[in-house]
Amino acid sequence: MSGLAIHQLNKAYGPVNALSNISLSVANGQFVCLLGPSGCGKSTLLRIIAGLEATTSGKVLLDGKDITEVPAHLRDFGMVFQSLALFPHLTVGENIAYPLRIRGASKEVQDREVQRLLDLVHLPGVADRAITQLSGGQRQRIAIARALALKPKLFLLDEPMSALDAKLREAMQVEVKRLQQELGITTFLVTHDQREAMTTADLVVVMSGGVIQQIAPPVEIYRSPANAFVADFIGVANLIEGDAKAGGRVVVPGGQVLIDGVAAGGKVNFSVRPEDLTLQSAAGDSTVAGTVAFIRHLGSSLEVNVSVPGLAKDLIVVMSPREHLPFDLGDTVNVHVPGSACVVLR
Amino acid sequence: MNTSRPQNLTGYVPLILPAVVLVMFFVVPFGSMILISFYKNLGGGLYEEILNLDNYRRLISPFFVGLLIASFGLALAVAAISIVIAFPFSYLLVNSPRSTQVVWLIFMLSILSLSESIIGFAWSTILSRTAGVSNLLVFLGLLDRPASYAPGLGALIAGVVYTAIPYAVLVLYPILSRVDPHIEEAARTLGTSPLRTFFIVVLPMQRNTIVTTFLMILVFTLGTYLMPQILGRPQHWTLSVAISDQALMQSNIPFAAALAVFLVIVTLLIVGTVVLFGRKENAS
């Protein structure tokens, strides 16, 4: 098949398993985000794809060919590092032309390609500058241009945006995504920032503890998380445990929630997003009672924490800032939990 | 870093001690050396305070210019060989496990604690006919009979290189250990094999470091006067040997001072040229 496939890959450092039983298959032209907290193995996985790290067992296939043992310098993948790793002794143009120069491209070809790539990253006319004369965002673009100079089959990015300030980071995310769509290049981006993953990815791979937790498109990851870890890691989630009764009735601390299709008997864990919850004064057939513990206006939204006896964490309710809030701190409220918005977790 | 000048005179108080020490132990001796180099020698360590250029006239002779050339020849060879050994060594050291690094650095420091004469006599024994490595080569069947390699130019270079390498490593190690390891990985993902990465990325990237270390060893070697006498033949004797000979054996202090001034000036000229050249290269 065409694209990148990983088969039952394991990586151990001594007794520690950095990656366990990773299997993944990505079609050509997709933008894949490896998302997870630090130490989850996402960077290690990317480095294995790049050939910078050996596997303990398992296979990496590109277009059906086994490339597990191919050294990094023969893979012809473009990689952008967190530190960018630009060559400090070369100019901007020489950095970008480096992969062409070492393959013996003529000076004319090098110059033409440098022009083309600088235009591509919207930084024309800086070819003769020293790396130290550029700002952080500009260096980023140069590192991207250098990685794309070979027209690589795979474009690998190891948290390159994490050092930028928030505004610039958002702008770069959009730009990287546009660039990837323009070139149609298969891309892997490692990140711990779920916003970054949502902005860029066609496919999000959520990892934790060296294990893949879920592989799905961003919206699906958000709307139907596979487990409590994914629900909690992506965005804000209210995680609730209750006892399932007949008729889809789930008895939870402070009230009950009606969720269609829940079989009676036993414990049920489910997750519900803050924006799906609403506050009301009267109890209903799918509400949870609590007291208002904290209110904050975030400008674009209004966030209310409701403390429910028996729940470890406050329920978080997010509403539009234009809505009138008829409650004050310490008031007793009922949180309406629509069953259709609840995702039952395994 | 705070680079503003002190607001008033009391702000300069902390500088008094270093200033006094610098003047007493550096400016005064160096100035008196320059002054004495113009005095007239009376023999027996005495001199007359009459300013004249006789010492400098005597020094511009084929013999002393020859010594100068020999000095720089030796220093250049030692600096080059030391870099060729110390740079790859430091590079491998930086990329080896922490415990290995510590062992080697302690070893390097312990070489520094040895005196030059001990190292010189050790090398002359190692390279001698009676007890040296040639006996080992005979035992291995590589030589017919033991040979003597010391005194000789090879022995001299070996001895000085041995003393210079720890300095080179201790200068190179901290600089190389600060280099972003991702730069080499980037070079590899861009299509450079590990060996080629060393030659076309690591070496050029450290050009300034290499030049600085080279100059340091060059200057360091110019001052060596024991090694040439222990491990070299008279034709390998350097200007530093002549200076010590004039000062200690001939008791001609003014002429020794003139030779030392001469060596300092030529050294400064060469170092200055290299620094200027390097700066121009960087600017272009």
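Membrane-span-like helices in chain B, defined purely by DSSP H runs whose alpha carbon atoms cover 20 Å or more axially and whose average Kyte-Doolittle hydropathy reaches 0.5, are B:62-94, B:98-112, B:153-177, B:207-222, B:253-283. Pair-distance distribution P(r) for chain A, from all Cα-Cα distances in 20 Å bins starting at 0: 26, 45, 24, 4 percent. When a 1.4 Å probe is rolled over the protein heavy atoms, the share of accessible surface on the protein assembly as shown that falls to carbon and sulfur comes to 62 percent.
Can you send over the solvent-accessible area of A:Val16, 1.4 Å probe, protein chains only, in Å² to the nearest 10? My reading of the accessible area for A:Val16 is about 90 Å². Of the residues in region B:190-214, those shielded by at least 40 Å² of accessible area once partner protein chains are present, compared with the chain alone at a 1.4 Å probe, are B:Leu190, B:Gly191, B:Ile200, B:Met205.
From the alpha carbon centroid of region A:46-79 to that of region B:235-268 is 63 Å.
The local environment of B:Ile200, defined by Cβ-Cβ distances under 13 Å, has a net charge of +3 under the rule Lys, Arg +1 and Asp, Glu -1. Quick check for you: which residues of region B:191-232 have the amide N under 19 Å from the point 7 Å beyond the Cα of B:Phe277 toward its beta carbon? It comes to B:204-222, nothing else. Sorting the Cα pairs of region A:238-282 by distance into bins of 10 Å, from 0 upward, gives 26, 55, 19, 0 percent per bin. Within the straight-line cut-off of under 14 Å between alpha carbons, the aspartates and glutamates reachable from A:Lys267 are A:Glu241, A:Asp243, sequence neighbours fewer than 8 places apart in one chain being disregarded.
Largest first, what is the accessible-area ranking of A:Lys151, A:Lys167, A:Lys11, A:Lys59 with a 1.4 Å probe? Let's see the in-between values first.
Values: A:Lys151 140, A:Lys167 175, A:Lys11 20, A:Lys59 100 Å².
The residues order as A:Lys167, A:Lys151, A:Lys59, A:Lys11, largest area first.
Shape summary of region B:13-58, radius of gyration then Dmax from alpha carbon positions: 14.9, 46 Å.
Cα-based values for the protein assembly as shown, radius of gyration first and Dmax second, are 36.5, 121 Å.
Dividing the summed -39500 (n - 2.57) terms of all DSSP H runs of n ≥ 4 by the residue count of chain A sets its mean residue ellipticity at 222 nm at -7000 deg cm²/dmol. Could you list log10 I(q)/I(0) for region B:73-283 at q = 0.08, 0.16, 0.17, 0.18 Å⁻¹, which the Debye formula gives when each Cα is one point scatterer? Values, matching the q order: -0.38, -1.16, -1.22, -1.28. For B:Ile69, the accessible area of its heavy atoms, probed at 1.4 Å with every protein chain present, is near 110 square angstrom.
Between B:Leu105 and B:Leu35, what is 0.36 nm times their sequence separation minus the Cα-Cα distance? Round to one decimal in nm. List each step's numbers first, then the result.
Working: separation 70, 0.36 × 70 = 25.20 nm, distance 4.25 nm.
Stretched fully, the B:Leu105-B:Leu35 segment lengthens by 20.9 nm.
Among the listed pairs A:Lys59/A:Lys107; A:Lys107/A:Lys167; A:Lys65/A:Lys151, those with a Cα-Cα distance over 30 Å are A:Lys59/A:Lys107; A:Lys107/A:Lys167. Three semi-axes describe the equivalent ellipsoid of region B:181-227; taken as square roots of 5 times the Cα gyration tensor eigenvalues and ordered largest first, they are 34, 9, 7 Å.
In this structure A:Asp243 has an accessible area near 60 Å², from a 1.4 Å probe over the protein heavy atoms. For region A:228-346, the square roots a ≥ b ≥ c of the C-alpha gyration tensor eigenvalues yield an a/c of 1.5 or more together with a/b exceeding b/c, which makes the shape prolate. In summary, region A:299-346 shows an alpha-carbon radius of gyration equal to 1.31 times the 2.2 N^0.38 Å reference for compact globular proteins.
Using a 1.4 angstrom probe on protein heavy atoms only, the contact between A and B buries about 1700 square angstrom of accessible area, both sides summed.
Both radii come from the Cα set of region B:102-224: Rg as radius of gyration, Rh as Kirkwood radius; their ratio Rg/Rh reads 1.11. Rolling a 1.4 Å probe over the protein heavy atoms gives region B:1-150 an accessible area of 69 Å² per residue. Within straight-line reach of A:Lys11, meaning a Cα separation under 13 Å, sit the following aspartates and glutamates at least 8 residues removed in sequence or on another chain: A:Glu53. Expressed to the nearest 5 percent, the antiparallel share of DSSP beta bridges inside chain A is 75 percent. Relative to the dominant Cα principal axis of chain A, helix A:166-183 is inclined by about 60°. Think of each Lys and Arg Cβ as +1 and each Asp and Glu Cβ as -1; about the Cα centre, that makes the dipole of region B:73-283 roughly 180 debye.
In terms of its alpha-carbon gyration tensor, region B:186-284 comes out oblate; a/c meets the 1.5 threshold, while b/c is at least as large as a/b. Here the label points at A:Asp119 and B:Leu17, each 7 Å from Cα along the C-beta direction, are separated by 6.6 nm in the simple model. Taking every DSSP beta bridge that has both ends in the protein assembly as shown, the antiparallel portion is near 75%.
The values are calculated or read from the model by the stated rules, or taken from the named source; none is laboratory data. Computed from a predicted structure; not experimentally measured. So basically every Cβ, Gly included, is an ideal-geometry build from the backbone, and we count neighbours across all protein chains shown. With ligands, DNA and RNA removed, areas are computed over all heavy atoms of the protein, side chains included. Shrake-Rupley method; radii C 1.70, N 1.55, O 1.52, S 1.80 Å.
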